[in-house]
Amino acid sequence: MFEFIRKFTLPILVCVGLLAALITYSLNLPRTRQANLLERGVNGSLAPMQEQASRSGGFFRRIWHDYIALVDLKQENVRLKDDIKHLNSALAAAGESLRENERLVRLLALRKSIKEPAVAAMVIGEDVTPWFRSLTIDRGSESGIREGMPVLAADGVVGQTVKVTANSSRVLLLTDHASGIAAMVQRSRARGVVKGRGDNLCSLEFAMRGEDVQVGDQVLSSGIGGIFTKGLPIGEVTMVKKGEYGIFQTVTIRPAVSTAHLEEVLVVLRAPQN
């Protein structure tokens with residue numbers, strides 16, 4: 001027994017001291033709220049560690065809150081980018097709808113100005129080569145279209161149908177070499193035939209050398225030939241050249257319709273006159 005006590009003297013003393021401290025603390029608790037000497041000593045020794053633990057806890061709490069804030073900010077940034085993409089798409093779609101509506105309003109105004117029946121069609125294809133210039137539209141014989149019918153846009157003459165299937169038609173453009181439209185100069189009433197040059201321009205053929213034709217003059221369909229009615233815009237004179245010899249003058253015309261950006265057309269359902 002003595003040997004056991006001698007061997008574990010230090011642990012026994014520590015346990016006795018702690019037990020005495022607890023008993024003393026318990027005895028003083030009901031009587032007073034002031035700390036005794038032992039409590040003050042324990043609290044004083046533990047205070048620096050508690051303060052450091054409190055600081056460390058606050059530091060890690062701030063890091064955690066900052067991390068959560070960064071995660072939330074990143075998620076919000078992703079949401080905002082998605083919202084911007086959707087808004088840009090909606091804005092582009094709205095702008096496209098507005099431009100399409102403007103084109104259709106102009107086409108409708110043209111439709112109302114024409115006495116004959118007409119069919120609106122969408123451009124679905126383009127064949128532009130140095131030898132052949134044409135468009136393909138999404139209406140054909142099932143819509144009443146036949147070969148040789150005039151095709152118009154809001155700005156003027158486009159061409160005429162040359163090949164028609166049940167649900168599509170090929171339109172020979174007025175700029176094609178094979179195209180020819182009887183025309184006149186609006187100001188001077190000088191007559192000629194507008195022929196395509198194949199380079200997005202036309203020329204006024206058979207205009208007599210003595211006719212009054214000037215740069216800037218507007219060229220209209222003359223109504224001769226039975227395909228296009230009189231007074232349809234064809235283009236504007238951009239160059240006039242009179243040589244020293246010959247009975248005709250050279251006149252270059254820029255078409256009123258930009259066929260490269262054409263999306264909708266109007267086919268006049270007029271049977272060609274033979």
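The values are calculated or read from the model by the stated rules, or taken from the named source; none is laboratory data. Values in this document were obtained by computation on a predicted structure and should not be read as measured data. Note that each Cβ is placed from the backbone with ideal geometry, even for glycine, and that neighbours are counted across all protein chains shown. Side chains are part of the model used for accessible areas, which takes the heavy atoms of the whole protein and leaves out ligands, DNA and RNA. Shrake-Rupley method; radii C 1.70, N 1.55, O 1.52, S 1.80 Å.
Summary table
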item	result
Sparse-neighbour loop sites [trypsin sites (Lys or Arg not before Pro); region 165-196; at most 12 other C-beta within 10 Å; DSSP]	Arg189
Members of Lys195/Lys241; Lys112/Lys195; Lys115/Lys230 lying beyond 23 Å, as alpha-carbon distances in this model show	Lys112/Lys195
Karplus (6.51, -1.76, 1.60) ³J(HN,Hα), θ = phi - 60°, over region 71-82, in Hz, Gly and Pro reported as x	4, 4, 5, 5, 5, 5, 4, 4, 4, 5, 5, 4
Under the Karplus curve 6.51 cos²θ - 1.76 cosθ + 1.60, θ = phi - 60°, whole-Hz ³J(HN,Hα) for region 207-219, x wherever Gly or Pro sits	7, 4, 4, x, 6, 8, 10, 10, 4, x, 5, 8, 10
Peptide ranges 71-82, 241-252 listed from the most packed, as the mean C-beta count within 10 angstrom indicates	241-252, 71-82
Per residue accessible area of region 118-268, 1.4 Å probe, in Å²	46
Projected-area average for region 118-268 over all orientations - Cα convex hull basis, square nanometres	8.4
Hits among lysines - C-alpha to C-alpha of Lys85 under 27 Å, sequence gap 8 or more where chains match	Lys74
Distance between modelled label sites at Lys74 and Ala109, nm, 7 Å Cα→Cβ extension	5.6
Apportionment of accessible area to carbon and sulfur, region 118-268, percent (1.4 Å)	51
